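Everything on this sheet refers to the single structure shown next.
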Amino acid sequence: VLYSSPVSPGDEFEIVYIHSVQRSPVVEKFRVLPDRSIVVFETIYQDFGAGLPSEVDEGAKVVVEPGGVRIYDMNRVMPRITLRVGSIARHQFKHGTAVVKLADLVDSGTRVDVTVEP
């Protein structure tokens, strides 16, 4: 366990990383649901490019703002988030004031699962 903290339905957290092709920051925002699943509800990145969304799920909205591209009103529900920590991506998990720099805790390529446990 790399990080553990009490959460309640409605609590939010972020995964922030550097995109491996664009070399620019990506912020993905998540919310805890009552059944302990996780929903991604917003993604923010600097510009359109290879490997970054250019089409959105039904119901989601895209705006191009001075800070970049913002996709919001997403409703992609998942039981867990699985990622591979990257030396370029430098993944960070942010919850409240806590910032967990995953690349400082595990080797590049290590699988990390983000789950909500009872």
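Couple of notes before you dig in:
- Vicinal HN-Hα couplings computed from phi for the range 88-102 (Karplus, 6.51 cos²θ - 1.76 cosθ + 1.60; Hz; Gly/Pro x): 7, 5, 6, 3, 10, 9, 10, 9, x, 8, 7, 10, 10, 8, 4
- Per-residue extension of 0.36 nm, minus the Cα-Cα distance of Leu33 and Val7, leaves a gain of 8.3 nm for this segment.
- Cut-off under 5 Å, modelled amide H: who pairs with Gln46 long-range: Val69
- In range of the label at Ile81: residues from the range 1-15 whose backbone nitrogen is under 16 Å from the point 7 Å along Cα→Cβ: 2-15
- Inter-label distance, nm, simple model (7 Å from Cα along the C-beta direction), Lys94/Asp107: 3.0 nm
- Accessible area expressed per residue, the chain, with surrounding protein chains retained (probe 1.4 Å, Å²): 61 Å²
- Note on the chain: dipole from Cβ charges, positive end direction compared against Val77, Val16, Val32; the farthest Cα belongs to Val16.
- Carbon and sulfur %, accessible surface of the chain computed with the full protein complex present, 1.4 Å: 48 percent
- All distinct Cα pairs of the chain go into the 1/r average, and the inverse of that average, the Kirkwood radius, is 15.0 Å.
The values are calculated or read from the model by the stated rules, or taken from the named source; none is laboratory data. Since this is a predicted model, take the numbers as computed values, not measurements. Cβ coordinates were reconstructed from backbone atoms using ideal geometry, including for glycine residues, and neighbour counts include every protein chain displayed. Quick note on the areas: whole protein, heavy atoms, side chains included, nothing else; ligands and nucleic acids left out. Shrake-Rupley method; radii C 1.70, N 1.55, O 1.52, S 1.80 Å.
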